[in-house]
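The values are calculated or read from the model by the stated rules, or taken from the named source; none is laboratory data. Predicted model only: the values in this text are computed from it and were never measured. Neighbour counts run over all protein chains shown; Cβ positions are idealised from the backbone, glycine included. Areas reflect the complete protein model, heavy atoms only, side chains present, ligands, DNA and RNA absent. Shrake-Rupley method; radii C 1.70, N 1.55, O 1.52, S 1.80 Å.
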Amino acid sequence: MKSRLIALMLPMVLVVAVAVAAAGQIKVSKGSAQIERSGQKLPASVGHVVQQGDVVITGSDGSVGITFRDNSLVSIGPDSVLAIDRFVFNSTTHQGNFDSTLKQGTLAVVSGKLAKQSPEAMKVKTPAAILGVRGTEFLVRTGPAKD
């Protein structure tokens with residue numbers, strides 16, 4: 001009886017674990033785009049989950065649109081590298097943090113519940129500056145880091 005109960009519960013536990021790890025989901029993907037996760041390169045295809053720690057990379061013909069759990073909308077343009085450094089979101093209180101690093105390229109954002117609840121909760125780092133979000137829509141563009 002115990003083993004049957006465990007067998008029934010295991011798939012539900014795995015679904016919850018995947019949902020918790022997900023920061024967002026790719027809604028649009030065009031051209032060359034990939035996700036780097038734990039040293040592996042994955043296609044950045046529509047429907048794929050993005051997680052804290054992922055790096056989204058687009059080629060010269062690529063772009064990616066991601067909807068995050070707090071309803072933030074992020075569009076990554078061609079020749080871009082965006083690291084999702086931290087994404088923590090409480091869907092009940094709308095508290096958390098969303099920190100990312102745009103290493104190069106373009107990023108357009110319509111902020112979601114996190115920034116509306118606590119404007120200081122969303123930050124975008126670039127090679128030259130750290131952008132603290134104070135509005136609901138913004139665009140960031142940066143060239144590659146120089147050594």
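Contact map, the range 64-77: first residue under 19 Å from T142 (Cα atoms), second residue open to solvent by less than 10 Å² (accessible area, probe 1.4 Å) and among the aromatic types (F, W, Y), Cβ cut-off under 8 Å, separation 6 or more or different chains; pairs are V74/F68. For the range 127-137, the condition of being in contact (Cβ under 8 Å) with a residue 24 or more places away in the chain, in contact with a strand residue (DSSP E or B) (Cβ under 6 Å, 6 or more places away or on another chain), hydrophobic (A, V, I, L, M, F, W, C) and part of a loop (DSSP other than H, G, I, E, B) holds for at least one residue.
Is it the case that some residue within the range 44-55 is outside any loop (DSSP other than H, G, I, E, B), in contact with a helix residue (DSSP H, G or I) (Cβ under 8 Å, 6 or more places away or on another chain), open to solvent by less than 70 Å² (accessible area, probe 1.4 Å) and modelled with pLDDT of 95 or more?
Within the range 44-55, one or more residues are outside any loop (DSSP other than H, G, I, E, B), in contact with a helix residue (DSSP H, G or I) (Cβ under 8 Å, 6 or more places away or on another chain), open to solvent by less than 70 Å² (accessible area, probe 1.4 Å) and modelled with pLDDT of 95 or more.
A residue that is at pLDDT 95 or above, of a type in the set (S, T, N, Q) and buried (at least 16 other Cβ atoms within 10 Å of the Cβ) occurs nowhere in the range 10-26.
Quickly run through the range 101-122 and pick out the residues that are modelled with pLDDT under 90 and open to solvent by 30 Å² or more (accessible area, probe 1.4 Å). Listed by number, the residues that qualify are K116, Q117, P119, E120. Of all the numbered requirements in (1) within 21 Å of D85 (Cβ to Cβ); (2) open to solvent by 40 Å² or more (accessible area, probe 1.4 Å); (3) in contact with a Pro (Cβ under 6 Å, 6 or more places away or on another chain), S60 misses one, and that requirement is (1). Screening the range 23-42 for residues that are without any contact (Cβ under 8 Å) to a residue 12 or more places away in the chain and more than 16 Å from S80 (Cβ to Cβ) and picking the one that is nearest to the chain's Cα centre (by Cα) gives L42. Restricted to the range 73-98, and to residues there that are at pLDDT below 95 and part of a loop (DSSP other than H, G, I, E, B), the residue that is most open to solvent (accessible area, probe 1.4 Å) is T92.
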